[in-house]
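**Q** I'd like to ask some things about the structure below.
The values are calculated or read from the model by the stated rules, or taken from the named source; none is laboratory data. Just so it is clear, the model here is predicted, and its values are computed rather than measured. Don't worry about glycine lacking a Cβ; one is built from the backbone with ideal geometry, like all the others, and counts go over all protein chains shown.
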Amino acid sequence: MEDKKYKIFPVLILAFFRVALGVAISLAVPIHLINIDLESQYIGIITSGTAMAYLFSPLVFRNVHKKLGLRITLILSTSGFLLIQIIMQFTLDPWILYLLLIIDGTFLGFFWPDLMTIISIVSNQKKYFESQVRKNRLMKSYSLSWNLGGVFSFILGSIVLFFIDNNLLMFDFALIFAIVGVIFAFLIQNPETKKKIEVLVPLDNGLKCIPIKDEATFPIYIPLIIIAIYGFLISGVGLAYPLKSDLLNYAVFTNYLFYAIRLTSQTIAITKSMDLKLTRIKQLLPYSTIILTLILILMAINQNLIIFSILFFVFGTFSAIHYTISFKLIVFKNVSEKTSKYSAYFETMVGIGFFFGPIILGFIVNLGIDVGFFFLAGLSVLSLTFYLLKRKNLRIQN
């Protein structure tokens, strides 16, 4: 029996606007706190609020969709995002912001894992399961949608703040994105699942069909640590650079512009790397980590605005390799074991990276903003050492 055609576009649009919302306030909040002269360690703590809750919420709420259905849980989470943005229209008190960001991270616990669950279930449908090309196209579309949401929001912020030097406008845009998210959550369908899926492929004319073989064998901690480091580096730069930008008296819109550059290059790189075989991505990862280390060192010593734009472009390009290999390995694990639990693990490790990044950097930059960049470069070196020691355990079949 053929699988019913699943309408994937509401999932992609929902991912787009959730990231558009997230990046709108991810810079608006720390820039607002910098403008009111809050100390860096408190800025780090407050901006980590979403990630702090996200450490636990994907695991705590991983079974909610089994009771309520994926569609209902996504409606609930997007409604929660909207309520948070409505409250932010009335108060931006630092500690109320902290509480709202914690609630935001709680709702994320049954948002991103549910979207990844839908992607995994759809990947297990016959037309995708039989074709690696279609499966890659599906994963690429999903990654492209959320990346483009971030690019859109950062570019919008760059343009608006270039003409109107008022960072608080980004909270208004976040409210609009939240409203759109609720609308598209109602268009989500619950994908059909099957208890057992047997996929056969012909080896040759006249031969019997056999099940598809595994593509990779690896301990699950490898992709989880890679994605945690990815989150730490992104969030660490997300705190250190606005502080350095303020110190150098750069215009506020340049923060959004450089993050748009980073996310655009990351989007292009992820889109291209999703088509690569895992063996090729495995080979590229050490080189990309070395380049990221050099970029972080240059961010520490550079004070030129134009050079920063180049550094952000390169940073986005090579950080994409970390995301791509971990994402593809997690989706493969979900599909091969017919489960969705690894989606929750994946999102939890993202949360760990985004939680510890701003908190630790918030204290380190008290020693000097450039010290924060050097610290991130050191972490990148440690991640390279870990990967070189463990990559023999990542066995991938062509």
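**Q** Test of understanding: among 346, 373, which residue is surrounded by 19 or more Cβ atoms within 10 Å (Cβ to Cβ), within 22 Å of residue 266 (Cα to Cα) and over 18 Å from the mean Cα position of the chain (by Cα)?
**A** On inspection, the qualifying residue turns out to be 373.
**Q** Moving on. Out of the residues in the stretch 300-342 meeting the condition of being surrounded by 16 or more Cβ atoms within 10 Å (Cβ to Cβ) and touching an Asp or Glu at 6+ places or on another chain (Cβ under 8 Å), tell me which one is modelled with the lowest pLDDT.
**A** The extreme case among them is 332.
**Q** For the stretch 50-70, enumerate the residues that are touching a residue at least 12 places away in the same chain (Cβ under 8 Å), assigned to a helix (DSSP H, G or I) and surrounded by fewer than 20 Cβ atoms within 10 Å (Cβ to Cβ).
**A** Of everything in the stretch 50-70, those that are touching a residue at least 12 places away in the same chain (Cβ under 8 Å), assigned to a helix (DSSP H, G or I) and surrounded by fewer than 20 Cβ atoms within 10 Å (Cβ to Cβ) turn out to be 59, 60, 64.
**Q** Let me ask something else about it. Give the residues of the stretch 1-49 that are closer than 23 Å to residue 250 by Cα and in a loop (DSSP other than H, G, I, E, B), sorted by residue number.
**A** Scanning the stretch 1-49 gives 36, 37, 38, 39.
**Q** Okay, moving on. Testing residue 276 on (1) surrounded by fewer than 24 Cβ atoms within 10 Å (Cβ to Cβ); (2) part of a helix (DSSP H, G or I), one condition comes back false. Which one is that?
**A** Condition (2) is where residue 276 drops out.
**Q** Name the pairs whose Cβ atoms lie under 7 Å apart, with the first residue in the stretch 178-200 and surrounded by fewer than 18 Cβ atoms within 10 Å (Cβ to Cβ) and modelled with pLDDT under 75, the second β-branched (Val, Ile, Thr) and assigned to a loop (DSSP other than H, G, I, E, B), and 6 or more positions between them or separate chains?
**A** 199/212
**Q** Against the conditions (1) of a type in the set (A, V, I, L, M, F, W, C); (2) in contact (Cβ under 8 Å) with a residue 24 or more places away in the chain; (3) within 25 Å of residue 375 (Cα to Cα), where does residue 306 fall short? Just the number, please.
**A** (2)
**Q** Scan the stretch 91-116 residue by residue and report those that are aliphatic (A, V, I, L, M) and out of contact with any Lys or Arg (no Cβ under 9 Å at 6 or more places or on another chain).
**A** Let us first name the residues in the stretch 91-116 that are aliphatic (A, V, I, L, M), namely 92, 96-97, 99-103, 108, 115-116.
Once the filter is applied, which keeps residues that are aliphatic (A, V, I, L, M) and out of contact with any Lys or Arg (no Cβ under 9 Å at 6 or more places or on another chain), the stretch 91-116 yields 92, 96, 97, 99, 100, 101, 102, 103, 116.
**Q** Applying the selection to the stretch 332-370, what residues are among the acidic types (Asp, Glu) and in contact with a helix residue (DSSP H, G or I) (Cβ under 7 Å, 6 or more places away or on another chain)?
**A** Result: 347, 370.
**Q** Look at residue 117 and say whether it is among the polar types (S, T, N, Q), in contact (Cβ under 8 Å) with a residue 24 or more places away in the chain and closer than 17 Å to residue 345 by Cβ.
**A** Yes: the conditions hold for residue 117.
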